[in-house]
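Okay, structure first, notes after.
All of the numbers you see were taken from the coordinates with simple rules; none came from a lab. Computed from a predicted structure; not experimentally measured. Note that we place each Cβ from the backbone using ideal geometry, even for glycine, and neighbour counts take in every protein chain shown.
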Ligand SMILES: [Zn+2]
């Protein structure tokens with residue numbers, strides 16, 4: 001296994017990472033690969049998950065008032081009994097293998113996904129751009145919080161965002177993630193490319209694709225709404241060692257936003273047909 005590590009210069013920080021104000025339309029859920037923060041810029045926006053930089057203060061960031069004033073924000077408490085049975089067409093996953101390109105952006109570890117994978121909903125195609133992790137889970141399911149939550153972030157040709165969320169519970173080692181999780185980029189700004197490492201997101205999905213579906217937002221500044229969320233009800237498994245490998249990364253534990261009010265939104269529950 002060839003591992004290429006690239007350490008970013010000049011933007012390690014004691015507490016938080018930063019992103020360029022000019023790139024503020026790109027939050028964690030929808031960050032373009034080219035958004036490289038620069039320490040020399042005078043327009044940096046700092047945010048994090050604790051204290052004065054934490055989620056309660058994100059609404060004070062330039063261009064991020066939605067974080068405080070939004071009415072359709074993510075994450076939410078998902079409740080099986082309150083969900084409305086869904087009769088919509090289920091998404092069709094068209095995932096292919098991708099090289100492993102990991103980047104620690106100071107908020108999560110993002111796996112940039114090679115072009116050519118997508119999910120189709122009602123003949124509408126959303127390309128898989130990246131996936132990343134939160135600890136602990138951002139959503140809760142019937143009051144339960146999981147050690148990790150994985151977000152598969154898709155975008156259509158107009159930039160509309162669709163995220164598939166997977167809960168992760170402790171269990172068997174996840175072989176699809178073994179190589180990557182043995183080489184996670186440790187510090188903010190670090191990149192790791194596994195030269196012969198290939199991952200297929202299709203393997204990450206649970207076999208039972210029952211899911212919650214609702215309209216929400218990015219869970220990171222600027223908390224933009226209009227995001228379609230599909231959260232699988234059945235958790236996938238990762239070993240305690242794999243989960244700990246992520247949770248041990250500096251500044252990323254925790255990296256989850258607090259629960260947001262439902263504000264009358266409908267949450268659908270789509271039971272997979274057999
Ligand atoms: Zn996320």
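Where the centroid of each part is defined by its Cα atoms, how far is the range 173-221 from the range 229-254 in Å? When both Cα centres are located, 9 Å separates them. With R₀ fixed at 45 Å, the C-beta to C-beta distance from residue 156 to residue 241 puts the FRET efficiency at about 0.75. For the range 3-270, the Cα-based Rg and Dmax, in that order, read 17.4, 51 Å.
Legend: ranking of residues 248, 145, 175 from fewest to most surrounding C-beta atoms inside 10 Å; resulting order 175, 248, 145. When you work out D = kT/(6 pi eta Rh) for the range 145-274 at 10 °C and 1.306 mPa s, using the Kirkwood radius from C-alpha pairs as Rh and the Stokes-Einstein form, the result is 97 µm²/s. With neighbour counts taken as other beta-carbon atoms within 10 Å, the residues 125, 141 rank, fewest first, as 125, 141.
Distance between the modelled labels on residue 50 and residue 125, one decimal in nanometres: 4.4 nm (7 Å Cα→Cβ projection).
Quick check: from the Cα gyration tensor, does the range 98-201 come out rounded (a/c under 1.5), prolate or oblate? Taking the square roots of the gyration eigenvalues as a ≥ b ≥ c, the range 98-201 is oblate.
So if we plug the beta-carbon distance of residue 142 and residue 87 into 1/(1 + (r/R0)^6) with R0 = 25 Å, what FRET efficiency do we get, rounded to 0.05? With a Förster radius of 25 Å, E is 0.65. By its C-alpha gyration tensor, with a ≥ b ≥ c as the square roots of the eigenvalues, how is the range 69-123 shaped: rounded for a/c under 1.5, else prolate for a/b larger than b/c, else oblate? Verdict is oblate for the range 69-123. Taking a ≥ b ≥ c as the square roots of the eigenvalues of the Cα gyration tensor, the range 205-274 is classed as oblate, since a/c reaches at least 1.5 and a/b does not exceed b/c.
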